[in-house]
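S.K.: Quick one: the structure is below, and I'll ask about it shortly.
Values in this text are rule-based calculations from the coordinates and carry no lab data. Here the structure is a predicted model, which means the values were calculated and not measured. Every residue, glycine as well, gets a Cβ built from its backbone with ideal geometry; the counts of neighbours run over all protein chains shown.
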Amino acid sequence: MDFEYSEKVQGLRKRLNDFMEANIYPMEREYREYFRSTENPWTTPPLMQELKKKARAEGLWNLFYPRGHGVNDALSNLEYAPLAEIMGRVVWAAEVFNCNAPDSGNMETLILYGTDQQKERWLKPVLSGEIRSGFAMTEPGSACSDATNVSCEIRKDGDTYIINGRKWFTTGAMRDSCKILILMGKTDPGNRDRYRQQSMILVPRDTPGVKIVRHTRTFGYDDAPFGEPEILFQNVHVPAENLLLGEGHGFEIAQGRLGPGRIHHCMRLIGCAQRALELACGRVESRSTFGRKISQHQSVREDIARAFCNIEQARLLTLMAADRMDRHGNKEARDLIAAIKIVAPAMACKVIDNAIQMHGAAGLTEDVFLAEAYNYARQIRIADGPDQVHMMALGKQIIQRYS
C-alpha cells in the first residue's frame, strides 16, 4: 500500500490549506457574529458568498463530484479524503467549496438517479451554488434508523403524487435559498418486500402544503443558516415526473446516497479531531498549574498520546475504505464504510471532549470551535445511521464471512 498522496493531491492540499489560512480561519469570529446580529439567521451571510466566489476562481469548487459521471478530472474517493479533512477543520467551511451536506449527497443522488429533466431543473443550479437543497427522511414518529419504518405517504393520483406525512431534522430546509427537498416515503406500504415499499421524490419547498412546524436545535445550536426543521407535508401535490428512478426504489437510492455521505462525514470529522488536538497542545503548553505547565502532567500527556493514536487509526481506516470504494465499488466496501462510521464519530467525540477539558471553561464557549465541533461529532453518531445499526450490520457480515 502506498501511503504517499499523489502529486496532484499534494498540490490540491496545499492550495486548500493556503485558502483556509488566508480566507477562512480569519473569518470564523465574523461568521459567528453575523448570526447574532441578523434578524434572519436563515440567510447566507454575505461573507460566505464572497468566499464562494474566491473558491470558484481558484478552482476549489465541487471537489466532491463523483468520478465517472461526466467530469474528466473528478477526484476519486481516496483523493478527496484528505481534502475533506482540511475542510472539516472549520465546521462550516465545506459550504465555501460547495461540498457540504446535505447538498453534496443530494447532488450525488441526482447525478446517479436523476433524469435529464431533473438534472437540468435542479442539479445544475445546486452545482453552481445558485440554490440549496434539503433531505427529508427522518420522522419524529418512527425509528428511522430502520429506513423501512418511514411512514410518510406518497400516493399516486393521475399524473401527480400526493404526499402526507411529517419529517424532522430536514437539514438545510430552513434557509431562504433552499428550493428543493428530496423526500423519502412509502408508495407501496403493502408490498411483502419491505425494501420495495419506499420511493424518493423531488418536492419544491414552496409547494402548497409544505409547512415548517418548528426548528429543532441540538445542544442549543441552531445550525444556521442550514437549520434542522420539523416539516408537515399536508396534501402536497407534485408532478409524477418528480419521482426518482421509479416506485419502490427509495431504499436502493438511500443506500447509494448514504455510502459516500457517511465516509464524507468521517473525513471531515478527522479534520475536526486533528484541529482539536492541535489546539489542545497549544493550550496545555501556554498554561500552568501547581507550579508547572499543564503539558507536563502525566495524565495530560497520556490523553494527547491516545488522541494522536486514535486520529491516525481513524485516518488510515478512512483512506482504506475510500480506496476499496474506488477499486471495487460501494457495495464491496460496505464493511469498511460501516467500520469507519462506527469509529470516526466516536473518536472525534472523545478527542474533542478531552480538548475541551484541557481548555477549562474556555472550551465550553464560542471563543474556540470545540463546543460546536463536539455538537457536530455527536450528531454524526446518529445521522446517516446510528452506531448500533452499523455495528449490527457489520457484525452480521463478519459472522457470515468466518462462520
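S.K.: What pairs from LYS8/LYS396; LYS124/LYS167; LYS52/LYS179; LYS350/LYS396 go past 29 Å between their alpha carbons?
M.R.: Check vs 29 Å cut-off fails for LYS8/LYS396.
S.K.: Oh, and also: Using only the Cα atoms of the range 1-131, build the gyration tensor, take square roots of its eigenvalues as a ≥ b ≥ c, and label the shape rounded, prolate or oblate: rounded if a/c is under 1.5, else prolate if a/b is larger than b/c, else oblate.
M.R.: oblate
S.K.: Another question, if that's okay. Residue by residue through the range 12-22, which ³J(HN,Hα) values in whole Hz follow from phi under the Karplus form 6.51 cos²θ - 1.76 cosθ + 1.60 (θ = phi - 60°), with glycine and proline marked x?
M.R.: Rounded to whole hertz, the list is 5, 4, 5, 4, 5, 4, 4, 5, 4, 5, 7.
S.K.: Can you compute 3J(HN,Hα) from phi for each residue in the range 250-259, using the Karplus curve 6.51 cos²θ - 1.76 cosθ + 1.60 with θ = phi - 60°, rounded to whole Hz and x for Gly and Pro?
M.R.: x, 5, 4, 5, 4, 5, x, 6, 7, x
S.K.: Quick one: grab the alpha carbon gyration tensor of the range 132-249, order the square roots of its eigenvalues as a ≥ b ≥ c, and give me rounded if a/c is under 1.5, else prolate or oblate depending on whether a/b is larger than b/c.
M.R.: Cα axes put the range 132-249 in the oblate bin.
S.K.: To continue, here is another question. Mind sorting out which of (1) 22.1; (2) 20.7; (3) 23.4 is the real Kirkwood radius over Cα pairs in Å computed from the coordinates?
M.R.: After the calculation, the listed value that fits is (1).
S.K.: Compute the distance from the alpha-carbon center of the range 45-75 to that of the range 77-98, in whole Å.
M.R.: 11 Å
S.K.: Quick one: net charge around ILE212, please, counting Lys, Arg +1 and Asp, Glu -1 for every other residue with C-beta under 13 Å from its C-beta.
M.R.: +2
S.K.: Calculate the length of the line joining the C-alpha centroid of the range 301-375 to that of the range 206-224, in whole Å.
M.R.: About 28 Å separates the Cα centre of the range 301-375 from the one of the range 206-224.
S.K.: Among the listed pairs LYS186/LYS211; LYS53/LYS119; LYS54/LYS211, give every one whose C-alpha distance is greater than 27 Å.
M.R.: Exceeds cut-off: LYS54/LYS211.
S.K.: Can you sort ILE356, ILE253 by how many other beta carbons sit within 10 Å, fewest first?
M.R.: Taking fewest neighbouring Cβ atoms as first place, the list is ILE253, ILE356.
S.K.: Please rank PHE35, PHE135, PHE3, PHE369, fewest neighbouring Cβ atoms within 10 Å first, as an exposure proxy.
M.R.: Taking fewest neighbouring Cβ atoms as first place, the list is PHE3, PHE35, PHE369, PHE135.
S.K.: Same structure again: What longest range of the chain stays clear of loop-exposed GluC sites (Glu not before Pro) (DSSP non-H/G/I/E/B, at most 10 other C-beta within 10 angstrom)?
M.R.: It works out to 131-403.
S.K.: Name the long-range amide H neighbours of ILE131: under 5 Å, sequence gap of 5 or more, or other chain; modelled H, no Pro or chain starts.
M.R.: Residues meeting the amide H criterion: VAL126.
S.K.: Once you have a ≥ b ≥ c as the square roots of the Cα gyration tensor eigenvalues for the range 252-403, tell me rounded if a/c is under 1.5, and otherwise prolate or oblate according to whether a/b is larger than b/c.
M.R.: prolate
S.K.: Can you give the helix-only mean residue ellipticity at 222 nm for the chain, where every DSSP H stretch with n ≥ 4 adds -39500 (n - 2.57) and the sum goes over all residues, rounded to the nearest 500 deg cm²/dmol?
M.R.: Only helices count here, giving -15000 deg cm²/dmol.
S.K.: Please rank LEU245, LEU279, LEU83, fewest neighbouring Cβ atoms within 10 Å first, as an exposure proxy.
M.R.: Ascending Cβ contact count within 10 Å gives the list LEU245, LEU279, LEU83.
S.K.: Turning to a different aspect of this structure: If amide H atoms are built 1.01 Å from N in the plane of the peptide, which residues on other chains or at least 5 residues away come under 5 Å of the amide H of VAL213?
M.R.: GLU230, ILE231, LEU232
S.K.: Ok, one more. Each residue of the range 393-402 in turn: what ³J(HN,Hα) in whole Hz from Karplus with 6.51, -1.76, 1.60 and θ = phi - 60°, glycine and Pro shown as x?
M.R.: Values, residue by residue: 5, 5, x, 4, 4, 5, 4, 5, 5, 10 Hz.
S.K.: Mind checking the range 318-400 for trypsin sites (Lys or Arg not before Pro) that DSSP puts in a loop (not H, G, I, E or B) and that have at most 15 other Cβ atoms within 10 Å?
M.R.: Listed in order of number, the matching sites are LYS331.
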